[in-house]
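Colleague: To start, I am sharing the structure in question, which I have written as structure tokens.
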Amino acid sequence: MNNGDPYLIGAYVVSVVLLWGYAAVLWVGWRSINRRQRHES
Amino acid sequence: MNTKPSLLARGYWLATIAFFVATTIMLVAYTPVEQSMGRVQKIFYIHLPVAINTFVAAFVMFIASVGYLWQRRLWWDDLAAAAGKVTVLFCSVLLLTGILWGRSAWGQWWTWSPRLTFSLVLWLLYVVYLVLRPAIESPQRRAIVSALYGSAAFLDVPLVYFSVKLIEDIHPSSIALAPEMKVTLLAWFVPVTLLMAGLITARYKLDRVIRATEQHHDLDLTQTSTVRRMGGAV
Amino acid sequence: MTVALRQIALLVGKDLRIEARGRQTIGLVLVLGILIVVVLGMGFGLEQRIAGFQATAILWVAYLFGGVLCFEKTMAVERNDDALAGLLVAPIDRGVIYLSKLLTNLILMFALAVVVTPVGLVLFRFDLSEHAMGFALVMVLGMTGFAAIGTLFSAAVSSTRLQGGLLAMLVFPLSLPMVIASTLMMRKLFELDGELSGSGLAILGAFAIVALVGSWVVFELVLEP
């Protein structure tokens, strides 16, 4: 196990959490919009 | 209003996820380890595509800002806001991966090297854009000031680039890339770029739908209005 | 061209006369500048002599923050008695209004520098003697670009609630290239006893020109009530 490994993994996790985390936030936003639409129709 | 994600949107995001998973596997199993820097160098394959896409997002924000100044249609402002948010997101990833890489390579969490300083200034420039917007109440005023600042921020980027070049670069980091490395690098551009474009589009459409829905409620229309496909990306 | 110059002279004269009567802005700005020099100077240690480039850094901060205050106040003047509306109705090119405000700001900042620099020199024995001309040149170039941006955005935010803090938040990031270039040059000049870097001057010059031309062109978009 190379010394740099925790940093490599850390960098990957940070990227995934931020990028896909934001995607998830937007997805939740769309879902609540869809729910509102369904309740109105 | 039908705001369920279209087939195109679903397909787009499924593809993005698939590419992301594939390139991750590639990074672990296929990409060779660089001689001098060790395994941590693999951060580079994420870092560089993220850097390029930060600029592309910033450029989109610039075009949208200029577009608003030119035409005064609010959709330009919506696009600028969405692109601005994605720029900060990607720049944060850029900064953090750069810091982690630097910490591993040089033992320090921070150095005022040209590259890190550049990332930091870029980040500050665009974070201010995000903080600026909620500080102004009137939508037209907010749009104008944001558009001015957004245009200025992008024009500032080359100046920042040249000013940090004045800093002595103690850590040059150009490395020779083996063929497999080039393939990996190019491969990573796919999911990262798809993410960038997808997030801007999704944020843009979501904001407009939210605003349209609120206006809908304000007008107190109770009947089910004409069904309009919003064609939403997730 | 001469019409424009005369109009600028008139507007600047008007602003300076208002300033001379009330002395509000210049008072605030000078006090702020002196306070910054004292506080930061103390921070560096009361008994130690402050090195050349540290001194320039302290003075820089004083000029920049004092400058932001100037920008805010010179634009705020127009909000009294609908003065801005009167200005806009008059047959004056918007660019002229911009240049006159910019010039007023530069004059006030120059006054700030003229007062605050000797204060620093005396209180903390700043040693600027060796490279005074270099310092002055960098300062003039840097402040011009800074004021160019500051004048534009002070008009942009003058109708909002948060004015001052917002203005500082907008102007400082945009001015970072200028700050980076000038602090690096000061370091090279004072600490390493070198010369003014040509590329550094080029960056400062480019910054000043782009800021000036860009702000001047775009200014009228900002003047809507």
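Colleague: If a residue has to be among the aliphatic types (A, V, I, L, M) and within 24 Å of C:Leu184 (Cα to Cα) to count, how many in the range B:92-127 make the cut? Please lay out each step first, then the result.
Modeller: First pass over the range B:92-127, keeping only residues among the aliphatic types (A, V, I, L, M): B:93-96, B:99-100, B:105, B:116, B:120-122, B:124-125, B:127.
Then keep just the ones that are within 24 Å of C:Leu184 (Cα to Cα); that gives B:95, B:99, B:116, B:120-122, B:124-125.
Here the count works out to 8.
Colleague: Residue check: is A:Ala11 at pLDDT below 95 and closer than 22 Å to B:Thr193 by Cβ?
Modeller: Numbers: at pLDDT below 95: yes; closer than 22 Å to B:Thr193 by Cβ: yes.
When the stated conditions are applied, A:Ala11 passes them.
Residue by residue, here is whether (1) at pLDDT below 95; (2) not hydrophobic (A, V, I, L, M, F, W, C) holds:
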site	(1), (2)
B:Val50	no, no
B:Asn53	no, yes
B:Ile63	no, no
B:Arg72	yes, yes
B:Trp76	no, no
B:Leu100	yes, no
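Colleague: From the residues in the range B:2-50 that are facing chain A (nearest Cβ under 10 Å), among the basic types (Lys, Arg) and not in a loop (DSSP other than H, G, I, E, B), which one is surrounded by the most Cβ atoms within 10 Å (Cβ to Cβ)?
Modeller: So, considering only residues that are facing chain A (nearest Cβ under 10 Å), among the basic types (Lys, Arg) and not in a loop (DSSP other than H, G, I, E, B), the one surrounded by the most Cβ atoms within 10 Å (Cβ to Cβ) is B:Lys42.
Colleague: Something else about it: Can you name the residue in the range B:93-117 that is facing another protein chain (nearest Cβ under 7 Å) and either outside any helix (DSSP H, G or I) or without any contact (Cβ under 8 Å) to a residue 24 or more places away in the chain (or both) and, of all such residues, is nearest to the chain's Cα centre (by Cα)? Spell out the reasoning first.
Modeller: Just the residues of the range B:93-117 that are facing another protein chain (nearest Cβ under 7 Å), to begin with: B:93, B:96-97, B:100-101, B:103-104.
Then keep just the ones that are either outside any helix (DSSP H, G or I) or without any contact (Cβ under 8 Å) to a residue 24 or more places away in the chain (or both); that gives B:96, B:103.
Values: B:Leu96: 14, B:Arg103: 24 Å.
Filtering the range B:93-117 for residues that are facing another protein chain (nearest Cβ under 7 Å) and either outside any helix (DSSP H, G or I) or without any contact (Cβ under 8 Å) to a residue 24 or more places away in the chain (or both), the one nearest to the chain's Cα centre (by Cα) comes out as B:Leu96.
Colleague: Same structure again: Take B:Trp188 and decide whether it is away from chain C (no Cβ under 14 Å), in contact (Cβ under 8 Å) with a residue 12 or more places away in the chain and either aromatic (Phe, Trp, Tyr) or surrounded by fewer than 16 Cβ atoms within 10 Å (Cβ to Cβ) (or both). Before the answer, list the steps.
Modeller: Values: away from chain C (no Cβ under 14 Å): yes; in contact (Cβ under 8 Å) with a residue 12 or more places away in the chain: yes; either aromatic (Phe, Trp, Tyr) or surrounded by fewer than 16 Cβ atoms within 10 Å (Cβ to Cβ) (or both): yes.
The answer is yes for B:Trp188.
Colleague: Let me ask you something else. I'd like to verify a number: residues in the range B:118-150 that are in a helix (DSSP H, G or I) and within 8 Å of another protein chain (Cβ to nearest Cβ), how many? Reasoning before the result, please.
Modeller: Filtering the range B:118-150 down to residues in a helix (DSSP H, G or I) leaves B:118-135, B:139-150.
Within this subset, residues satisfying the condition of being within 8 Å of another protein chain (Cβ to nearest Cβ) are B:121, B:124-125, B:128, B:131-132, B:135, B:141, B:144-145, B:148-149.
So the count comes out to 12.
Colleague: Determine the pairs where a residue that is without any contact (Cβ under 8 Å) to a residue 12 or more places away in the chain, located within the range C:179-205, has a partner that is of a type in the set (Val, Ile, Thr) with Cβ atoms under 7 Å apart, the partner being 6 or more residues away or on another chain.
Modeller: Qualifying pairs under 7 Å: C:Ile180/B:Val164.
Colleague: If you don't mind, another one. Pick from C:Val68, C:Val37: which is closer than 22 Å to C:Thr160 by Cα, buried (at least 21 other Cβ atoms within 10 Å of the Cβ) and among the β-branched types (Val, Ile, Thr)? Lay out the reasoning, then the answer.
Modeller: Numbers: C:Val37 fails: closer than 22 Å to C:Thr160 by Cα.
The conditions single out C:Val68.
Colleague: For the range C:92-108: of the residues being within 22 Å of C:Leu35 (Cβ to Cβ) and either touching a residue at least 60 places away in the same chain (Cβ under 8 Å) or in contact with an Asp or Glu (Cβ under 6 Å, 6 or more places away or on another chain) (or both), which is surrounded by the most Cβ atoms within 10 Å (Cβ to Cβ)?
Modeller: So the residue we want is C:Leu108.
Colleague: Another question, then. I'm checking my understanding of the structure. Among residues of the range C:165-198 that are outside any helix (DSSP H, G or I) and either charged (D, E, K, R) or facing chain B (nearest Cβ under 9 Å) (or both), which one is surrounded by the most Cβ atoms within 10 Å (Cβ to Cβ)? Step through it out loud before you land on a result.
Modeller: Here is the first cut: in the range C:165-198, the residues outside any helix (DSSP H, G or I) are C:175, C:192-197.
Remaining after also requiring either charged (D, E, K, R) or facing chain B (nearest Cβ under 9 Å) (or both): C:175, C:193, C:195, C:197.
Values: C:Ser175: 23, C:Asp193: 10, C:Glu195: 11, C:Ser197: 17.
The extreme case among them is C:Ser175.
Colleague: I'd like the residue in the range B:2-40 that is closer than 16 Å to B:Leu186 by Cα and of a type in the set (S, T, N, Q) and, out of all such residues, is modelled with the lowest pLDDT.
Modeller: Looking at residues that are closer than 16 Å to B:Leu186 by Cα and of a type in the set (S, T, N, Q), I get B:Thr31.
Colleague: Out of all the residues in the range B:31-56, which are within 22 Å of the chain's Cα centre (by Cα) and among the polar types (S, T, N, Q)? Walk me through it before giving the result.
Modeller: Going residue by residue through the range B:31-56, those that are within 22 Å of the chain's Cα centre (by Cα) are B:42-56.
Correct list: B:Asn53, B:Thr54.
The values are calculated or read from the model by the stated rules, or taken from the named source; none is laboratory data. Treat the numbers as computed from the prediction; the structure is a model and nothing was measured. FYI the Cβ positions are ideal-geometry reconstructions off the backbone, even for glycines, and counts take in every protein chain you see.
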